[in-house]
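Before any comments, here is the structure.
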Amino acid sequence: MAQFVHEKGYISPLDLLIKMERITPKQVEDWKRSRVSYLERMILGSLSKLQFIL
């Protein structure tokens with residue numbers, strides 16, 4: 001995590017979820033390009049667990 005902070009000056013929730021292997025960079029790209037309506041549907045794990053993590 002320190003690497004992200006050092007490179008960008010911050011860490012985003014998406015960076016964290018990718019690092020934790022809860023979502024893939026391709027899934028994030030699909031969401032950014034509106035190929036996926038809801039990013040939450042792509043994330044591994046329940047929304048309550050994700051809320052706790054974030």
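The values are calculated or read from the model by the stated rules, or taken from the named source; none is laboratory data. All values reported here derive from a predicted model rather than from experimental measurement. Note: ideal-geometry Cβ built from the backbone for every residue, glycine included; neighbour counts use all protein chains shown. In case anyone asks, the SASA skips ligands and DNA or RNA and just uses the protein heavy atoms, side chains included. Shrake-Rupley method; radii C 1.70, N 1.55, O 1.52, S 1.80 Å.
Of note:
- The chain: Cα Rg divided by the 2.2 N^0.38 Å rule of thumb: 1.17
- Where chymotrypsin sites (Phe, Trp or Tyr not before Pro) in DSSP loops with at most 12 other Cβ within 10 Å are excluded, longest remaining stretch of the chain: 11-37
- Split the accessible area of the chain by element, probe 1.4 Å, and carbon with sulfur accounts for 55%.
- For the chain, applying the loop criterion from DSSP together with a ceiling of 11 other beta carbons within 10 Å to the trypsin sites (Lys or Arg not before Pro) yields ARG33, ARG35.
- Loop-located GluC sites (Glu not before Pro) in the chain (DSSP state not H, G, I, E or B) with no more than 13 neighbouring Cβ atoms inside 10 Å: GLU21.
- Solvent exposure of the chain amounts to 82 Å² per residue of accessible area, where only protein heavy atoms count and the probe is 1.4 Å.
- Helical runs assigned H by DSSP (4 residues or longer) give the chain a calculated mean residue ellipticity at 222 nm of -13500 deg cm²/dmol, each run adding -39500 (n - 2.57) before division by the residue total.
- Placing unit charges on the Cβ atoms only, positive for Lys and Arg and negative for Asp and Glu, gives the chain a dipole magnitude near 140 debye about its Cα centre.
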